[in-house]
Amino acid sequence: MAKTHEYEVVIIGAGPAGMTAGMYAGRAMLRAVVLERGAPGGELLNTEIIEDYPGFEHIEGWDLAQKFDAHARKFGAEVHTATVERVRKVEDGWFETVTDAGDTYRSPTVILTAGGTPVKLGVPGELEYAGKGVSYCAICDGAFFKGHRIAVVGGGDAAVEEADFLTRYAEKVYLVHRRDQLRASKILQKRVFENPKIEIIWNTVVDRVEGDAQGLVKALHLRDVVTDTTSVLAATGLFVFIGFRPNTGIVEGHVRHDEGGYLVTDSNMETSMRGLFAAGDVRAQLARQVTTAVGDATTAAIAAEKYLTALKNGQYDPQLLSSGGYAV
Ligand code: NAP
């Protein structure tokens with residue numbers, strides 16, 4: 001039967017930002033819950049090795065996720081497995097967060113840390129062969145491609161890092177990129193340039209994914225965007241890493257966002273909807289790293305606590321917020 005819960009803070013998503021917000025809310029003795037549809041960890045679960053989280057020169061994404069989870073729970077964060085369908089602000093100024101099971105979480109504040117969803121290429125065959133050769137997660141699916149010849153699409157950090165990772169299994173990895181320069185950070189680029197199992201196919205896009213009689217990927221139809229010549233690449237796997245879309249669609253009503261759909265916040269991580277905070281990959285910002293997610297979430301949880309205190313004391317003044325005078 002559908003239930004209604006009441007919390008002071010509802011945190012949506014249990015990636016690095018969500019677990020950090022949960023930890024800080026727990027330490028502030030707030031009644032807080034983290035709602036997560038899958039295993040805690042978010043994008044950490046799609047990242048093989050993390051080398052840029054201070055204090056850990058080299059740690060597997062999965063391990064770091066476990067540590068975040070344990071740490072947040074130690075300080076009292078409650079984590080519920082639930083898929084959030086919508087969040088809306090109701091007449092009394094509280095938020096109602098509704099799950100696919102029909103449960104409602106009522107709270108005066110929400111911290112949205114729902115991350116993003118991989119962008120799709122949008123070419124014929126891509127969705128048809130998803131899970132049958134087409135993948136968006138190297139760490140989840142890489143081992144299925146032992147000894148295969150596969151392709152990775154993209155030129156950012158994710159594509160370059162995962163192409164390198166996939167050479168553990170694949171005999172050959174083609175990195176297909178639509179330009180003649182990679183966007184990825186130089187240190188990651190160096191790894192692919194030095195990896196003999198990786199061949200970069202420049203200025204090229206995938207036009208179509210072709211399958212075999214068993215319904216598995218067998219080839220990719222490529223097009224050189226400079227010469228407009230087409231070719232067929234024999235490959236049994238296609239890993240797509242062409243960016244993320246922020247998971248902000250669950251929020252009803254208008255919230256200020258940038259052209260990519262990322263939520264714009266003030267320096268307290270508060271969005272244009274009062275009481276709704278955003279942290280991590282859903283937020284408009286220069287860098288989307290584990291370190292920035294954790295920093296955002298720390299600020300968001302502390303700001304949410306101040307907001308709750310001001311509300312309780314009847315001191316909250318929305319005018320001050322818009323003029324930058326309220327704890328900004
Ligand atoms: P990204 O940096 O936005 O890169 C997306 C790549 O996909 C770009 O090279 C882009 O090409 C290409 N692309 C976009 N649309 C395409 C299309 N329709 N067809 C073909 N190619 C397309 O995304 P990301 O690599 O997922 O990274 C997202 C964020 O996470 C970044 O801030 C990144 O630094 C961070 N990240 C960091 C690490 C790390 O530090 N270890 C690992 C993963 C991700 P153009 O270059 O031509 O635009």
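The values are calculated or read from the model by the stated rules, or taken from the named source; none is laboratory data. This one's a predicted model, so the numbers in the text were calculated from it and none came from an experiment. Virtual Cβ from ideal backbone geometry, glycine too; neighbours counted across all protein chains shown. Ligands, DNA and RNA are excluded from the accessible area calculation, which covers all protein heavy atoms including side chains. Shrake-Rupley method; radii C 1.70, N 1.55, O 1.52, S 1.80 Å.
In degrees, nearest 10, range 0 to 90: what is the angle between the Cα axis of helix 290-312 and the longest Cα principal axis of the chain?
With rounding to tens, the tilt is 20 degrees.
Please state the charge dipole magnitude for segment 1-151, taken about the Cα centre, from unit charges on C-beta atoms (+1 on K and R, -1 on D and E), reported in debye and rounded to the nearest 20. All intermediate terms of the calculation are to be shown ahead of the outcome.
Values: 15 positive and 21 negative charges, 34 e Å.
In debye, rounded to 20, segment 1-151 gives about 160.
With θ taken as phi - 60° and the coefficients 6.51, -1.76 and 1.60, list the Karplus ³J(HN,Hα) couplings across segment 271-280 in order, rounded to whole Hz; mark glycine and proline as x.
Karplus-based 3J(HN,Hα) across segment 271-280 equals 7, 6, 9, 4, x, 9, 9, 9, 8, x Hz.
Once Lys and Arg get +1 and Asp and Glu get -1 on their Cβ, which of Gly26, Asn46, Pro16 lies farthest toward the positive end of the dipole of segment 1-75?
Value computed over the given set: Gly26.
Ordered by residue, what ³J(HN,Hα) values in Hz, to whole numbers, does segment 159-176 give under the Karplus form 6.51 cos²θ - 1.76 cosθ + 1.60, where θ = phi - 60° and Gly and Pro are x?
4, 5, 5, 6, 4, 4, 4, 5, 5, 5, 10, 6, 6, 8, 10, 8, 9, 9
Within the accessible area of the chain, what % is carbon and sulfur when the probe is 1.4 Å and the other protein chains stay in place?
Carbon and sulfur atoms account for 50 percent of the accessible area of the chain.
Compare Gly42, Gly93, Gly156 in a GNM of the chain, Cα atoms joined below 10 Å, and give the one with the largest fluctuation.
The residue with the greatest mean-square fluctuation here is Gly93.
Around His5, what is the net charge, scoring Lys/Arg as +1 and Asp/Glu as -1 over all other residues with Cβ under 14 Å from its Cβ? Mind dumping the intermediate values first?
Numbers: positive: Lys3, Arg31, Arg106; negative: Glu6, Glu8, Glu78, Glu96, Asp103.
Local net charge: -2.
Summing Lys, Arg as +1 and Asp, Glu as -1, what charge do residues with Cβ under 9 Å from the Cβ of Val264 carry, Val264 excluded?
Overall, the nearby charge balance is 0.
Give the accessible surface of the chain per residue, rounded to a whole number of Å², with probe radius 1.4 Å and ligands, DNA and RNA excluded.
48 Å²
Measure nothing but the geometry: give the 0 to 90° angle between the long axis through the Cα atoms of 61-74 and the longest principal axis through the Cα atoms of the chain, rounded to 10°.
It is inclined by approximately 10 degrees.
In sequence order, what are the phi-derived ³J(HN,Hα) couplings for segment 229-242 according to the Karplus relation 6.51 cos²θ - 1.76 cosθ + 1.60 with θ = phi - 60°, rounded to whole Hz, with x for glycine and proline?
7, 10, 8, 10, 9, 6, 8, 9, x, 9, 9, 9, 9, 10
How do the peptides 194-207, 170-183, 294-307 rank, highest first, by the average count of neighbouring beta carbon atoms within 10 Å per residue?
Highest mean packing first, the order is 294-307, 170-183, 194-207.
What does the charge count near Ala77 come to, summing +1 for each Lys or Arg and -1 for each Asp or Glu among other residues with Cβ under 15 Å from its Cβ?
In short, 0.
Please express the shape of the chain as an equivalent ellipsoid: the semi-axes are the square roots of 5 times the eigenvalues of the C-alpha gyration tensor, given largest first in whole angstrom. Kindly include the intermediate steps, with their values, before the conclusion.
Working: eigenvalues 325, 75, 72 Å².
Computed over the chain, the values are 40, 19, 19 Å.
Using the beta-carbon distance between Glu194 and Lys74 and R0 = 41 Å, what value does 1/(1 + (r/R0)^6) give for FRET efficiency, to the nearest 0.05?
For Glu194 and Lys74, the calculated efficiency is 0.50.
Charges at C-beta only: +1 for Lys and Arg, -1 for Asp and Glu. How large is the resulting dipole of the chain about its Cα centre, in Debye rounded to 20?
100 debye
Suppose every Lys and Arg Cβ carries +1 and every Asp and Glu Cβ carries -1, with no other charges. What dipole size does segment 134-240 come out with about its Cα centre, to the nearest 20 debye?
About 180 debye.
Just subtract the alpha-carbon distance of Asp258 and Ala213 from 0.36 nm times their residue separation and send over the number in nm, one decimal. It would help to have the intermediate numbers written out before the result.
Details: separation 45, 0.36 × 45 = 16.20 nm, distance 4.43 nm.
Computed gain between Asp258 and Ala213 is 11.8 nm.
Can you list the residues, at least 5 places off or on another chain, whose amide H is less than 5 Å from the amide H of Lys218, using H built in the peptide plane?
Counting only residues 5 or more places away or on other chains, the set is Glu210, Gly211, Asp212.
For segment 134-240, calculate the relative contact order in percent as a whole number, restricting contacts to Cα pairs under 8 Å that are 6 or more residues apart.
In percent, rounded to a whole number, it is 30.
Could you give the angle, 0 to 90 degrees to the nearest 10, between helix 16-27's Cα long axis and the longest principal axis of the Cα atoms of the chain?
Helix 16-27 sits at roughly 20 degrees to that axis.
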